[in-house]
Amino acid sequence: MGFLDGLWRGRESEFDSGSAATNSIQLTKRHSQVSLTKQGAATGNLRINLSWRMRTSDIMGSQRESLLRHPFKALKPPEVVGHSQSMVNVDLDLGCLYELQDGTRGVVQPLGGFLGDVNGPPYVKLSGDDRFGSASGETIYVNLDHKDAIKRLLLFAYIYDQTPAFDRTHAIVTLYPSNGPRIEIGLDERHPQARSCAVVMIENIKDEIFVRREVKFVYGFQGELDRLYGWGLQWGRGHKSKAER
């Protein structure tokens, strides 16, 4: 009985790499997916949030290096250092490629004003566009009361029209189900030239809703993510309006 129980627990570990201290599940390469259905969380609105901030090492790293080379500088009054251009230029956007069971495909994203609809198809809605990584970040809502209409959703992040800087941000995507612990995916891999990242796939497989970590960085934009996952949409260069900015 103990042996069988051990096998069962081993199987469960595929879906649960949670932290009791933080009431969260961290999806990693080793523990890459979780079933919302098994958690009793495949109903209501699933809230998905993207937040980020600049790495402290980018602000203080050069100062530390200078002190190591010139230790007497520590005796001087500290210089007033303002934000560098690279810090204020980071503008991460959250988007979602969707495919419904009837074959409908499209995108929800700030660029172009494709904000979606939470009460009608595609049952995915973008709320807000955060340009500077504030505490609230950017949020997408998925109405899982209509999960039977959803086939797959690919949540992605991209840098809008600025220098690639994924390697200089603490970016994290957090999913808040209607029940159970939140689910976190950190974009902590170093890809300094990447402009986009496929973060997480939400799939309806035989009436069970799975959340699977992707974290695949690409050097292009949405069109490259489309080709990687076979969405088949037509893409053109877009710009944000002043309201969207």
From the protein chains alone at 1.4 Å, what is the descending order of accessible area for 235, 52, largest first? 235, 52
Interchain or sequence-distant (5+) residues whose placed amide H lies within less than 5 Å of the amide H of residue 91 are 160
Is the shape of region 139-235 rounded, prolate or oblate, going by the alpha carbon gyration tensor and its root eigenvalues a ≥ b ≥ c, with a/c under 1.5 for rounded and a/b larger than b/c for prolate? oblate
Report residue 178's accessible area, 1.4 Å probe, all protein chains in place, as a number in Å² to the nearest 10. 70
Enter the accessible area of residue 217 (Å², nearest 10), with the probe set to 1.4 Å and all protein chains included. 30
HN-Hα J couplings of region 168-175 from phi, Karplus 6.51/-1.76/1.60, θ = phi - 60°, integer Hz, Gly and Pro as x? 10, 10, 9, 9, 9, 10, 10, 9
Can you give the extra length, in nm with one decimal, that the chain gains between residue 47 and residue 228 once fully stretched, where that is 0.36 nm per residue apart less the Cα-Cα distance? 62.6 nm
Where labels lie 7 Å past Cα in the beta-carbon direction, separation of residue 145 and residue 35 in nm: 2.5
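The values are calculated or read from the model by the stated rules, or taken from the named source; none is laboratory data. Just so you know, these numbers come straight off a predicted model, no measurement behind them. Please note: Cβ atoms are built from the backbone with ideal geometry, for glycine as well, and neighbour counts cover all protein chains shown. Heavy atoms of the whole protein, side chains included, go into the accessibility calculation; ligands, DNA and RNA do not. Shrake-Rupley method; radii C 1.70, N 1.55, O 1.52, S 1.80 Å.
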